Amino acid sequence: MEPVPLSEDGTAPDEQAIQTTVALEGDGADIASARHLAVQFLTRVQAEHGLPVSQRALEVTQLVVSELVTNARKYAPGPVLMDLRIVGDLVEVVVWDSAPVLPVARAPDAGRVGQHGLEIVMMVAQGFEVQMEPVGKRVTVRIALLDDPSGAITGRRPL
């Protein structure tokens, strides 16, 4: 699995873009590889671009990548594309898969075993959206790079 930086139109990235895209075509090992790529990406963002990234942002990004890639591998046939990019003070995790079904967070149920991933992702993210594509769907999750200076846990911003 080798990351390939691309712009949105598929051409070489401009010098301002900080992103990486990878196609995940294998098995369950893709999930660990995707988490590892996320850490490498955020470490590179810190080292090469001087952007601060909190330990929480690293951990939450790994969690989000794990949940999104797991769901894509579990419910969609074929390859999965993952894009990581910096947008202002956020990291966007974008996962595309070929399944034409929208993901739905289930109602909270402490007695339910499993299927809590989407609930968790929505709680730790600054933003969550799903876009239907001509083939499949694209899930985008935004995560704050820094913790709130007041010490508050960074999560979904109130409307």
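The numbers here are math on the coordinates, done by the rules we state, and not lab data. Worth saying up front: this structure is predicted, and the values here are computed from it rather than measured. Note that each Cβ is placed from the backbone with ideal geometry, even for glycine, and that neighbours are counted across all protein chains shown.
Couple of notes before you dig in:
- If R0 is taken as 30 Å, the Cβ-Cβ distance between A23 and V113 corresponds to a FRET efficiency of 0.40.
- Taking a Cβ cut-off of under 9 Å around V94, the surrounding Lys, Arg, Asp and Glu residues balance to a net charge of 0, with basic ones at +1 and acidic ones at -1.
- Three-way shape label, the stretch 72-152, alpha-carbon gyration tensor, a/c 1.5: oblate
- Each 5 Å bin from 0 upward holds the following percent of the Cα-Cα pairs of the stretch 19-144: 2, 11, 22, 24, 20, 13, 6, 2, 0, 0.
- For the stretch 24-59 and the stretch 80-134, distance of Cα centres in Å: 17 Å
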